[in-house]
Amino acid sequence: MVEKRPDQGGNVKQKHQERKISEEKSVSRRTFLTRVGTLTAAGVVADTVGLGSMTGETNVAEAAAIGPDTPKKRREQAFKIRRDAAKFQRDFPLPDHPDNGDEAFFANKIGSYSKALPHNDLGHVDLPAYSALISALTSGDPNAFEAIPQGGSVKQADPQAAFAFSLEGPDSHHLTMIPPPTFSSQEEAGEMAELYWQALTRDVPFVEYDTDLSTRGAAVDLSKFSIFRGPKLGGVVTTGTLFRGNTPGDLTGPYISQFLWKDIPYGTQTIVQRYCVPVEGNDFMTSYAEWLSIQKGFPPTASITFDSTPRYVSTGRDLAEYLHRDCTYQAFLNTALILLGFGGAALDDANPYKTAAKQGGFITFGGPHILDLVTRVANEALKAAWYQKWLVHRRLRPEAFGGHVHNHKVGAANYPIHPEILNSPVLNAVFSKYGTYLLPTAYPEGCPTHPAYPAGHATIAGACSTVLKAFFKEALAVPNPVVANADGTALDGYSGPVLTIGGELNKLATNSSLGRDTAGVHWRSDGIEGLKLGEAVAIGILTDFRATYNEFFGGFSLTKFDGTTITV
């Protein structure tokens, strides 16, 4: 005889009735929530205070509203603004999305990103695993991404973000980029040589670039490459142009932007920009076994050793670590706070409240407006970058290229690497110091697990700095400029050419992008072209917002990274 549970037998009918009542209540609740979800904001408020709009009664709050528009007219205007913004973005011509051809050219995929997938002992990706990655990216099926084989335990970094839509500014798929340099090109050779030199000079203080033998040697060597896109003076790389960007302001004054040194007014606090930095010589992935393990997707076994003294950013290693730990828009939020601390004179002359006698900006054209937009554009920039990274280019990371250089140099494999990098003295210097030809990285884990082109930091930097240039007076001199001393323990007064807000914003954007090159995780073109992509994202968002203001406003004026001025 089977013993009945208390809810069986005579209680079955009662339980069934209770379950039916519960389900009816659940359906009734879902129906109500569906209705509420379709109501206007005003209707939701009315329902909350007494369900007036649902019963047909007049709501006192609605009746008391004043302004130039009726609620119905306002609703239609809001719809029109959103519709017109969407149509404006939709009607741009669809761009082409060319890649550099490396993925199709190399059957073994040595020119493509493949980190954390299974690899053989030469660092070549397992082709079925790579095919699974491509299949998932082609289909967009979330289940397919979970079926991609792993080499170790490290996960891929959000490839499905490549499919995310944006409701402000251009859709990520509606922006394009030029292809990056090819695996075998002269330009790739020049970029790789720069990365090796950046690794060898990480601990050289920026203020000693003119006198240090290694930075002087780097400038001489990079000047010899047939194609090197870094800035030059008189046709050659100098210690004054070394590792810098090409935007207006990049070559003026110290290497580091004022906005990475100046104190940050943060509410009732003041944040002094001294940071925890690694000790000198703290490099990683210099042994082949360590390099291969990390390419396969295993976590690093080493960790960074930090200096006990917080310091201002004064070396490439300091900058690389800042960009290792920062949140996405950190430097630009800090910069917005610094600029707001300069007072109203720093605001762009187009700001309608600079000439208003009886009003001040706040939600529009004031601090909250600026702080919102400078952070808002960051994630939209990342969406644009992730589309290019995963669905178009899939460019290999420099650390992977360094593995191919090593295997070629030691005779383990033969690759079509351009001889200009193979014959550069920088490789002898690296081998002499580390015993391999691998690219030493500043991070134990090496690069993140997403493709190289464009750089995410650069795309964010391009977007956020563009917003700041739109709101602040670019030509205004930065007050009381400073420069970090050699060991980063103090800031000294700077004397030299005038440092403007616009120039230092450009420099900050370059520091944020090329500083990741100093870590060994990105190429120069990842950063330079990423800045342009982020700029396009921000201009599109500013364009959408331009139609939302009530004030008399002539538009956002700013200087692009290529030096041209525009009004949005």
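Return, ordered by residue number, the residues of the range 348-376 whose backbone nitrogen is under 15 Å from a label point located 7 Å along Cα→Cβ of Arg546. In the range 348-376, the label zone of Arg546 (backbone N under 15 Å from the point 7 Å along Cα→Cβ) covers 350-351. The stretch between Ser432 and His324 holds 36.1 nm of extra length on full extension. This uses 0.36 nm per residue minus the Cα-Cα distance.
Leaving out ligands, DNA and RNA, and with a 1.4 Å probe, what % of the accessible surface on the range 308-377 is carbon or sulfur? Don't skip to the end; give the middle numbers.
Working: 1590 of 2900 Å².
It is 55 percent, rounded to a whole number.
Please give, to one decimal in nm, the separation of the simple spin-label points placed at Arg229 and Ser308, each 7 Å out from Cα toward the Cβ. Inter-label distance under the simple model: 4.5 nm.
Give me the mean projected area, in nm² to one decimal, of the convex hull enclosing the Cα positions of the range 73-230.
Numbers: hull surface 63.2 nm².
Value for the range 73-230: 15.8 nm².
If R0 is 45 Å, what FRET efficiency do you get for Lys354 and Thr70 from their C-beta distance, rounded to 0.05? So the FRET efficiency works out to roughly 0.85. Model label points for Thr252 and Thr239, set 7 angstrom from Cα along the Cα-to-Cβ axis, are 2.4 nm apart.
Based on alpha-carbon positions alone, could you give the equivalent ellipsoid semi-axes of the chain from the gyration tensor, as √(5λ), descending, whole Å?
Details: eigenvalues 431, 256, 100 Å².
Square roots of five times the eigenvalues give 46, 36, 22 Å.
Counting 0.36 nm for each residue step from Leu422 to Ile271 and taking away their Cα separation leaves a gain of 49.8 nm.
Please give the length that would be gained between Ala289 and Leu167 if that part of the chain were fully extended, namely 0.36 nm times their separation in residues minus their C-alpha to C-alpha distance (nm, one decimal).
Numbers: separation 122, 0.36 × 122 = 43.92 nm, distance 4.57 nm.
Using 0.36 nm per residue and subtracting the Cα-Cα distance, I get 39.3 nm.
Could you state how much accessible area Arg83 has, in square angstrom rounded to the nearest 10, with a 1.4 Å probe and all protein chains kept in place? Number for this one is 100 Å². Backbone amide hydrogens, once placed in the peptide plane, bring Thr500 within less than 5 Å of Val478, excluding anything fewer than 5 places away on its chain.
Carbon and sulfur: what percent of the range 412-482's accessible surface (1.4 Å probe)? Numbers along the way, then the final one.
Numbers: 1150 of 2030 Å².
Solvent-exposed carbon and sulfur of the range 412-482 make up 56 percent of the total.
Which distance in Å, rounded to a whole number, links the C-alpha centroids of the range 497-568 and the range 93-132? Result: 31 Å between the Cα centres. Our Cα-only numbers for the range 419-545 put the radius of gyration and Dmax at 18.3, 56 Å. Phi angles of the range 242-253 translate, via the Karplus equation with coefficients 6.51, -1.76, 1.60 and θ = phi - 60°, into HN-Hα couplings of 4, 6, 9, x, 10, 8, x, x, 4, 9, 9, x Hz per residue; Gly and Pro are given as x. Taking all protein chains together and a 1.4 Å probe, the residues Cys464, Cys327 rank Cys327, Cys464 from largest to smallest accessible area. Residue-wise HN-Hα couplings along the range 437-445, as the Karplus relation 6.51 cos²θ - 1.76 cosθ + 1.60 with θ = phi - 60° gives them from phi, are 9, 5, 7, x, 10, 8, 10, x, 7 Hz; Gly and Pro carry x.
In this structure, Asp96 and Ile363 have a Cβ-Cβ separation that, at R0 = 35 Å, corresponds to a calculated FRET efficiency of about 0.30. Please report the relative contact order for the range 67-222, taking Cα pairs under 8 Å with a sequence separation of at least 6, and give it as a percent rounded to a whole number. Averaging sequence separation for qualifying contacts and normalising by length gives 21 percent for the range 67-222.
Kindly report the accessible area of the range 114-227 per residue (heavy atoms of protein chains, probe 1.4 Å, no ligands, DNA or RNA), in Å².
Numbers: 4880 Å² over 114 residues.
The answer is 43 Å² per residue.
Per-residue 3J(HN,Hα) values for the range 408-424, derived from phi via the Karplus relation 6.51 cos²θ - 1.76 cosθ + 1.60 with θ = phi - 60°, read 5, 5, 8, x, 6, 7, 10, 10, x, 7, 5, x, 4, 7, 5, 9, 6 Hz in sequence order (x marks Gly and Pro).
The tail of the calculated P(r) for the range 529-568 beyond 15 Å holds 44 percent of all Cα-Cα pairs. Any of Lys296/Lys383; Lys358/Lys473; Lys109/Lys155; Lys473/Lys560; Lys507/Lys560; Lys73/Lys469 with alpha carbons more than 24 Å apart? Name them for me. Where the Cα-Cα span goes over 24 Å, the pairs concerned are Lys296/Lys383; Lys73/Lys469.
The values are calculated or read from the model by the stated rules, or taken from the named source; none is laboratory data. Since the model is a prediction, treat every value here as computed from it, not as a measurement. All Cβ positions, even for glycine, are placed from backbone atoms using ideal geometry, and neighbour counts span all protein chains on display. Quick note on the areas: whole protein, heavy atoms, side chains included, nothing else; ligands and nucleic acids left out. Shrake-Rupley method; radii C 1.70, N 1.55, O 1.52, S 1.80 Å.
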